[in-house]
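The values are calculated or read from the model by the stated rules, or taken from the named source; none is laboratory data. All of these numbers come straight from a predicted model, not from anything done at the bench. Glycine gets a Cβ as well: all are built from the backbone with ideal geometry, and neighbour counts include every protein chain shown. In case anyone asks, the SASA skips ligands and DNA or RNA and just uses the protein heavy atoms, side chains included. Shrake-Rupley method; radii C 1.70, N 1.55, O 1.52, S 1.80 Å.
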Amino acid sequence: MQPSPRQTSLIDAVRAALGDAAVTTDPGDIAPWLDDWRGRYHGRSPAILSPDSTAAVATVMRLAAEHGVPLVPQGGNTSMVGGATPPVDGSALIVSLRRMNRIRSIDPAAGLAVAEAGVILANLHAAAEAEGMRFPLTLGARGSATIGGLASTNAGGTQVLRFGTMRGLVAGVEAVLPNGEIHDGLAALKKDNRGYDLDHLLIGAEGTLGILTAVTLRLYPAIAQRAVAWVGLADPETALALLRRLERRTDTIESFEIVSGDSLAQVLKHIPGTRAPLATQHRWHVLIEAVATDPTAEAPAELLERLLAPALADGQAADATIAASEAQAEAFWRIRDSLSEAERASGPAMQHDISVPVATMPRFMIEAAAAAEARFPGSHATAFGHLGDGNVHFHVRAPAGADAARWYAEDAPIVTRFVHDLVVAAGGSISAEHGIGQMKRAELARLSSPARMAALRAIKAGLDPQGLMNPDKLLGLAENPAAP
Ligand SMILES: Cc1cc2nc3c(=O)[nH]c(=O)nc-3n(C[C@H](O)[C@H](O)[C@H](O)COP(=O)(O)OP(=O)(O)OC[C@H]3O[C@@H](n4cnc5c(N)ncnc54)[C@H](O)[C@@H]3O)c2cc1C
């Protein structure tokens, strides 16, 4: 697409300041970055700007502010809510952080690493491991998702049970604000009470308040041993009771993921090379990971065997297996990590990343699925994910044979409103870990209190008065105070 005169002038100015390597205008090179991972959103943009340093990001932001051109920050483009997809009208330029991919330092003694925004999560994992350390946050998109994207969405993943979300793992933030000024908060201060916490305002801001350029991250000692168990059981209530039972005996459980029999079947059907971990069939399953950092500690496999035995004996667990090798452990995790992909392959569906208080999640999963299926005949509702965090991905699949385009346009929004109303009635959140992006913008406005929306708008107006940062995300164009 042709850039507007203002965009042309900005592109020329960025090229003059930062060189040709910082500007991509070839439509073929831009195309892969215009769609979201789910294939639900398709944006347009005449250029990608790729600064390779914090100073270069500041130059881009200052010039964009001068020219009044909106920017969409982008890391790995794995957003589940269309957060990194540019607007369809082509009004914004993409700012890719992928050239800012240096790990500036790893300090095992301090347990800290400083990683630039474009560092891919899997690369950080490898670098930490090489130093005998570990960055514990992980998720299915670890081969593409970047540190900047993870911090900007306050990502969760599968180890939240023990380590919390990204917010708990970030010890400092360096960012460029919409006017081009640099906020240097990388120093990992344990105590810092200088008023409003700018770092934490930027974490989870989804690129609407500025661009993160580097982050100080907390590292933990590398794992010496781990064990992964797959357990078949009756229902989510039983699963949570099992987690509580295990937690009373050990503090080494760091993942506890629930998978319905139906979700497992979708994986086995759509993901090549996957096999059911148990010979027996169950309505629900949990994947449990236990770890030890001390090589002389009781082996996690023995620990899990010892702790699961009474649950099997009294029927709380119907069947269980512990991975006999690292390859088998990876195979169990592959099933878990492929759930979203399998759901995507199984036809039109609406996904809802939701949370309710942990204790009420089991009942919510069952009752909300029954309510959704009753309200939308022929649809199929199921949930999987982070039961121990009170966060599941609640999927409602369209009736078999439904026309995808029509279903998404007409039925899906009604399905989503129905599910979200149930979540709010249960005291929960319509976005547990994926953010708001463009997918949930209207729902956020519909379901939030006037106090929350007024505060969000005031913060946005204060830091981004021109409304140039990631327009139509989180608050949306109509919500931005001075959108162009
Ligand atoms: C298979 C799969 C599994 C997933 N599993 C999980 C999961 O378990 N838990 C979870 O929380 N998420 C999960 N996600 C969602 C996704 O991986 C996360 O949201 C991730 O944090 C996005 O990182 P990214 O680099 O791809 O960011 P992008 O998708 O590029 O961007 C995400 C948002 O952050 C903004 N942004 C990106 N970089 C910057 C920056 N440097 N400064 C300011 N803003 C920026 C973008 O504008 C956008 O709003 C999954 C995604 C996939 C595809």
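The table for this structure:
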read-out	value
Tally of residues being within 16 Å of the ligand (Cβ to nearest atom), open to solvent by less than 40 Å² (accessible area, probe 1.4 Å) and in a strand (DSSP E or B) across region 18-57	3
Condition check for ALA151: in a strand (DSSP E or B) and in contact with a helix residue (DSSP H, G or I) (Cβ under 7 Å, 6 or more places away or on another chain)	no
For VAL419: the one exception among (1) surrounded by 15 or more Cβ atoms within 10 Å (Cβ to Cβ); (2) more than 22 Å from the chain's Cα centre (by Cα); (3) more than 15 Å from the ligand (Cβ to nearest atom)	(2)
Extreme residue, nearest to the ligand (Cβ to nearest atom), among residues of region 159-181 that are touching a residue at least 12 places away in the same chain (Cβ under 8 Å) and in a loop (DSSP other than H, G, I, E, B)	THR165
Conditions (1) open to solvent by 20 Å² or more (accessible area, probe 1.4 Å); (2) touching a residue at least 40 places away in the same chain (Cβ under 8 Å); number of the one not met by VAL81	(1)
Any hit, region 54-66, residues being touching a residue at least 60 places away in the same chain (Cβ under 8 Å) and over 22 Å from LEU463 (Cα atoms)	no
Failed condition for LEU161, given (1) open to solvent by less than 30 Å² (accessible area, probe 1.4 Å); (2) in contact with a helix residue (DSSP H, G or I) (Cβ under 7 Å, 6 or more places away or on another chain)	(1)
Candidate set: region 291-327, residues that are closer than 30 Å to TRP37 by Cβ and out of contact with any strand residue (DSSP E or B) (no Cβ under 8 Å at 6 or more places or on another chain); chosen: the one surrounded by the fewest Cβ atoms within 10 Å (Cβ to Cβ)	ALA327
Per-region count, region 135-158, residues under 14 Å from VAL173 (Cα atoms), within 6 Å of the ligand (Cβ to nearest atom) and surrounded by fewer than 24 Cβ atoms within 10 Å (Cβ to Cβ)	0
Positions within region 438-464 being in contact (Cβ under 8 Å) with a residue 40 or more places away in the chain and surrounded by fewer than 19 Cβ atoms within 10 Å (Cβ to Cβ), in sequence order	ILE459, LEU463
Considering residues of region 183-204 that are basic (Lys, Arg) and more than 25 Å from LYS460 (Cβ to Cβ) only, the residue least open to solvent (accessible area, probe 1.4 Å)	LYS191
Residues being within 12 Å of the ligand (Cβ to nearest atom) and more than 30 Å from TYR220 (Cα to Cα) - total across region 88-112	3
Out of GLY180, GLY132, sole residue that is open to solvent by 10 Å² or more (accessible area, probe 1.4 Å) and out of contact with any Ser or Thr (no Cβ under 9 Å at 6 or more places or on another chain)	GLY132
Residue match in region 194-201 (condition: in contact (Cβ under 8 Å) with a residue 40 or more places away in the chain and over 21 Å from GLY111 (Cβ atoms))	yes
Lone qualifier among ASP199, ASP192, ASP184 - being acidic (Asp, Glu) and part of a loop (DSSP other than H, G, I, E, B)	ASP192
Selection from region 110-128 of residues that are open to solvent by less than 40 Å² (accessible area, probe 1.4 Å) and in contact with a helix residue (DSSP H, G or I) (Cβ under 9 Å, 6 or more places away or on another chain)	ALA113, ALA115, GLU116, ALA117, GLY118, VAL119, LEU121, LEU124
Qualifying residue in region 253-272 (condition: assigned to a loop (DSSP other than H, G, I, E, B) and acidic (Asp, Glu))	no
Residue in region 368-381 that is under 20 Å from the mean Cα position of the chain (by Cα) and crowded, with 23+ Cβ neighbours inside 10 Å present	no
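Per-residue answers, yes or no, for (1) open to solvent by less than 10 Å² (accessible area, probe 1.4 Å); (2) without any contact (Cβ under 8 Å) to a residue 12 or more places away in the chain:
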position	(1), (2)
HIS386	yes, no
HIS393	no, no
ALA398	no, no
ARG406	no, yes
ILE436	no, no
